[in-house]
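This report refers to the structure that appears directly beneath it.
The values are calculated or read from the model by the stated rules, or taken from the named source; none is laboratory data. Small disclaimer: the values here were computed from a predicted structure and weren't measured. Neighbour counts run over all protein chains shown; Cβ positions are idealised from the backbone, glycine included. With ligands, DNA and RNA removed, areas are computed over all heavy atoms of the protein, side chains included. Shrake-Rupley method; radii C 1.70, N 1.55, O 1.52, S 1.80 Å.
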Amino acid sequence: MTGRTWWKEAVIYQIYPRSFMDSNGDGIGDLQGIISRLDYLKYLGIDVIWLSPVYQSPNDDNGYDISDYRAIMEEFGTMENFDALLKGAHERDIRIVMDLVVNHTSDGHRWFVESRKSKDNPYRDYYIWREGKDAQTPPNNWGSCFGGSAWQYDGETGMYYLHLFSRKQPDLNWDNPKVREEIFDMMRWWCDKGIDGFRMDVISMISKTAEMPDGEGDGLYGDFGPYCVHGPNVHKYLREMNESVLSRYDIMTVGETSGVTTELAKQYAGENARELNMVFQFEHVESDGKYGKWTDEKISLVTLKKIMSRWQTELYGQAWNSLFWDNHDQPRAVSRFGDDRPAFREISAKMLATCLHMMQGTPYIYQGEELGMTNYPFGSPDEFRDIESINAYREWCTEGKLSHEVFWPCLVFKSRDNARTPMQWDDSENAGFTAGKPWIAVNPNYKEINARAETADPDSVFHYYKKLIALRKQNPVMVYGKYELLLPESDALFVYTRTLESTSLLVVCSFCDHETDFTVPDAFFGAPCLISNTNRSYEGKEIRLGAYEAFVLRKEV
Ligand code: TEU
Ligand code: CA
C-alpha cells in the first residue's frame, strides 16, 4: 500500500446532513437536500464526501446513536434517496464515505432491546454488563464523555451497562466474536452497495480492559482513558476487520482516534499496518482546554506549530496524515484559529486554508468552512441543541463548580453547536437552508456570508478554496512533498517548505492581526508566487506582511 493512491490525492468534504440542506420544509436537512447541492460540491472541486450518520436513530446524539445500521433515518429520507445520492455523486466523480459508529449503538437498537431483557438472552453479551459495587453504586467511578457516570443501572436485571457517551449509547462488547461478525457483515453490505469508505467513530475505544478499576480524577468521576482508549485488542480487531472487509474493496478508511500519538498512529494507519488508511489526531484541537475541553482562549501559535509539525515529520513515509481545522464536534475554524471580526474574517479564513492545504496529508473541509462561516453568537443556554453543551452547562455551572461568568465564554467558544448551525446558502430567509423553521438557529450573519454571494465573487473565500483544490491536482508536491518547519519560535508566522524531487514550495502564513516582517530565504528569492490571499507581488526579499497575509512561492531547480 506504499505509494500513490486516490485517497492521498483527494480533498474530502464533510456533510453534517441535519444542517446541510432541507428539501421539504420540516427544518431538518435531508438526503434530497444533499442531492440538490451536488453540483455546488462538484463546482468547488472536492473528490469525496464524508457523510455524518444518516442511519435510523432516535437522535439523542444527532445520529451517532444508531438503532438500525441498514436503514435510513426517516427525517433524512429513504434508502431509495440514499441510492440516488450515491448514484448522483458517482456520476460527478465524487465518492461517498460513510460514518461508521460501532463503538456503541442506540439503546433503541434491536440488539440492546434484547440484551437488557434477561441475563441469559442470546444478545446479553453484545454489550458490557457488570454488577454494581452495591445497589446504589456503579461498578466503578468512570465518567462518561457527556457527563455523569459511564454506567447506567437497568432495573430489568439489576445490573449496570457501560456507556462511554450518553446513556442512550450503550457500548458494544467487541470481545464477543458474534458482535464483530455482525458489524463486519453490515460493513460488507454497505460496501456491496458501492460506497467508497468509512470514517470510523471513536474506533480507538472499541477494546476495553477486562479489569475495570476506578480511574483517576479530581472531581466526581474518574478517567476511563487508560482502560478503554487504545485498549488491549484494538489492533487485533482492526486487522480482523481489514482482513474480512476493508482489504476486499477499493475503499478508504479514516479512524477517529482521539488521544492518538504519532507512534500509535503508525500502528493504526502505518503504510504496512493492514488496519486503516489514516487517522484523525486531535492534539491541535484538544490542547487548549482550561476546564476539561472548555476554554475561551486560542492555542498559542508556537504550540500549534510544534504539534502540527511533529505529525508532519514523524508520519512522513510511514503513515498518512489527515488534515483538518474543524468538524461537527469543533468550533468554526475562522473563529478559533483565525479572526472572525469583519475586517479579518475573509483574509484569515484564506490564510488558514493555505496553511492546511499546503501541508502533507489529505485535507478535510467541514461544510461552510469554504465560506468562512463563523461561530454563533450564543446568548443564552436554551439556544443549545447539543447534548454535550447542555450537560456541560448543567454540570459546570448550575451544579456549581464555576460561575456563569467564568464558564459561559468557554462554552460559547467551544460548543459543538457552533459547527451545527445551518449551512448558509443565500440571503433569503433562513439562509436558504429551509422553507420551514430550522431545528437550530441560523447564524444572523447569513446575509453577508452565504454560498450565493461567494460563488458570484471571484475574490471570495469559496473561490480561494476552489483554487487550492485545483492546485492540488496540478502540484504533486502539495500531496507528497516532504515538510520542513522554518522559524519555529515565531509567534506571528507559520512558515514551512515542501519538497518533492525538483520542486519546492515555501508557505508563509501570518497568524496575527498586525504587520510582520519576513525575509525570503535565498533559495526562494525570485521564485514565482503559486497562490496568495492578497493581490500584491512577492518579488522583493524583505516582505512586510499585513494581518493574516499568506503566500506560497514555488521553485523548480
Ligand atoms: O466523537 C468522539 C469524541 O471523541 C468526542 O468526545 C469528541 O471529542 C467530543 O465531541 C468533543 O467535544 C464522536 C463523534 O464525532 C461525536 O459527534 C459523537 O458525539 C461521539 O463520537 C459519540 O458517537
Ligand atoms: Ca427535511
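Summary table
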| item | result |
| --- | --- |
| Amide H partners (placed H, <5 Å) of Arg167, local residues excluded | none |
| At most 15 other Cβ within 10 Å, DSSP loop - GluC sites (Glu not before Pro), segment 412-470 | Glu448 |
| Sequence-separation-based contact order of segment 110-162, relative, with Cα cut under 8 Å and 6+ spacing, percent | 32 percent |
| Surface share of carbon and sulfur [accessible, 1.4 angstrom probe, percent] for the chain | 48 percent |
| Test item: Cα-centred dipole of the chain, Lys/Arg +1 and Asp/Glu -1 on Cβ, debye | 1100 debye |
| Taking the C-alpha atoms of the chain, convex hull volume expressed per residue in Å³ | 143 Å³ |
| Lys133 paired with Val557, simple spin-label distance in nm, labels 7 Å along Cα-to-beta-carbon | 6.4 nm |
| Calculated Rg and Dmax of segment 234-306 using C-alpha coordinates, Å | 15.6, 46 |
| Centre separation in Å (Cα based) which lies between segment 352-426 and segment 110-170 | 30 Å |
| Ranked by how many other beta carbons lie within 10 Å on average, peptides 245-251, 333-339 from highest | 333-339, 245-251 |
| The chain, accessible area per residue, ligands and nucleic acids excluded (1.4 Å, Å²) | 37 Å² |
| Simple spin-label estimate for Ala71 and Ala523 in nanometres, 7 Å along Cα-Cβ | 5.9 nm |
| Relative contact order (%) - criterion: Cα under 8 Å, at least six apart; region: segment 318-465 | 27 percent |
| Estimated Rh, segment 110-162: Kirkwood, alpha-carbon pairs, angstrom | 11.4 Å |
| Taking N as its residue count, the alpha carbon Rg of segment 282-397 over 2.2 N^0.38 Å | 1.15 |
| Percentage relative contact order, the chain, counting C-alpha pairs under 8 Å, at least six apart | 13 percent |
| Segment 270-329 and segment 238-257: distance between their alpha carbon centers, rounded to Å | 21 Å |
| Fully extended contour minus Cα-Cα distance, from Thr398 to Asp250, at 0.36 nm per residue | 48.3 nm |
| Packing-based ranking, highest mean first, of 252-261, 283-292, 66-75 given that Cβ atoms within 10 Å are counted | 252-261, 66-75, 283-292 |
| Estimated FRET transfer efficiency when R0 is 41 angstrom, pair Met186-Lys541 (beta carbons, to 0.05) | 0.10 |
| Order by protection proxy (mean Cβ within 10 Å, highest first), peptides 132-139, 236-243 | 236-243, 132-139 |
| The chain, helix-only ellipticity at 222 nm - DSSP H runs n ≥ 4, -39,500 (n - 2.57), divided by all residues, nearest 500 | -8000 deg cm²/dmol |
